[in-house]
1. Would you please classify the overall shape of the stretch 130-230 from the alpha carbon gyration tensor, given that a ≥ b ≥ c denote the square roots of the eigenvalues, rounded means a/c under 1.5, and beyond that prolate means a/b larger than b/c while oblate covers the rest?
2. Answer with one residue from GLY50, ALA85, SER127: the one whose Cα lies farthest towards the positive end of the charge dipole of the stretch 40-127, charges on Cβ with Lys, Arg +1 and Asp, Glu -1.
3. Given labels modelled 7 Å from the Cα in the Cβ direction, how far is it in nm from HIS39 to ARG64?
4. Determine the dipole magnitude for the stretch 129-209: charges of +1 sit on the beta-carbon of Lys and Arg, -1 on that of Asp and Glu, nothing else is charged, the reference point is the Cα centre, and the result goes in debye to the nearest 20.
5. Picking from GLN221, GLN136, LEU75, whose Cα lies most toward the positive end of the charge dipole for the chain (charges on Cβ: Lys, Arg +1; Asp, Glu -1)?
6. Multiply the residue gap between GLN144 and GLU92 by 0.36 nm, knock off their C-alpha separation, and tell me the result in nm, one decimal place.
7. Classify the stretch 40-127: rounded, prolate or oblate, from the alpha-carbon gyration tensor (a ≥ b ≥ c, eigenvalue square roots; a/c under 1.5 rounded; otherwise prolate if a/b is larger than b/c)?
8. Treating only the Cβ atoms of Lys and Arg (+1) and Asp and Glu (-1) as charged, compute the dipole magnitude of the chain about its Cα centre; round to the nearest 20 debye.
Amino acid sequence: MSNTIDRAAAASLPPGQWVPPARVRVVVFDVVGTLVEPHPSVAVAYQQAGLRQRVACDAADIQRRFAQAWRQQELLDAAAVPSFATSQAREEERWRRIVEEVFAGAASLEQTAAIFAELWNHFGEPSSWRPVAAGQQMLQAALQAGAGVVLASNFDDRLLRLAKHLHPLTSAQEVFASSAIGWRKPAPEFFRWIEARLGCGPDELMLVGDNPLLDIAAATQAGWQAQAVA
Ligand SMILES: [Mg+2]
């Protein structure tokens with residue numbers, strides 16, 4: 001029986017043949033990089049938003065500055081007391097600061113505010129994203145195996161609208177954004193909150209994600225099973 005395959009064997013299967021281990025009642029999917037990805041890329045979306053405010057930046061430069069600014073915000077969350085607590089306001093602040101860092105020295109305060117507003121709306125639009133094939137296959141496999149499927153993402157309330165309109169997010173039975181949970185991955189509280197909400201023990205849950213630290217290591221640390229999206 002395919003759904004009784006053991007965990008070690010499941011972990012080594014290619015995505016088209018992957019099935020969740022039999023003990024897993026609910027497969028919890030990360031969203032960005034796992035089920036969907038920005039299209040056009042983040043760097044191109046930022047570049048285009050800049051150009052509409054008459055601010056020209058090199059896409060490779062944007063990519064480098066974005067990665068640096070994103071890491072900086074993660075470090076701020078890690079250093080905060082308590083670590084990795086969040087809210088809708090904190091998530092909005094994160095992205096505002098990242099946009100400010102990316103365009104620092106190139107755009108005026110007014111231009112930066114306009115670019116931020118445009119990008120905030122852009123990434124809330126289903127048309128700004130496209131499915132990730134491997135994650136989509138794993139989601140289908142989880143549904144076919146009779147497991148529950150939910151989304152759990154370091155995201156904000158824009159995720160709810162995306163999940164209503166964007167394939168394959170529309171297949172999820174529940175959608176949990178860190179802004180509503182009050183914690184973001186890798187906080188253990190993020191995982192405890194989902195367990196309580198779903199009424200499941202840690203060993204009945206599996207996280208599928210693309211980030212080795214925020215998804216795989218954090219879920220494993222919380223006592224969940226974890227599977228990297230191929
Ligand atoms: Mg991800």
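1. rounded
2. Looking along the dipole axis, the top candidate is GLY50.
3. 2.9 nm
4. Using only the charged Cβ atoms, the result is roughly 340 debye.
5. GLN136
6. Stretched fully, the GLN144-GLU92 segment lengthens by 15.1 nm.
7. The shape class here is prolate.
8. Numbers: 20 positive and 24 negative charges, 36 e Å.
So the dipole magnitude of the chain works out to roughly 180 debye.
The values are calculated or read from the model by the stated rules, or taken from the named source; none is laboratory data. Remember, predicted model here, so these are calculated numbers, not experimental data. Using ideal geometry, Cβ is built from the backbone for each residue, glycine included, and neighbour counts are taken over all protein chains shown. Areas reflect the complete protein model, heavy atoms only, side chains present, ligands, DNA and RNA absent. Shrake-Rupley method; radii C 1.70, N 1.55, O 1.52, S 1.80 Å.
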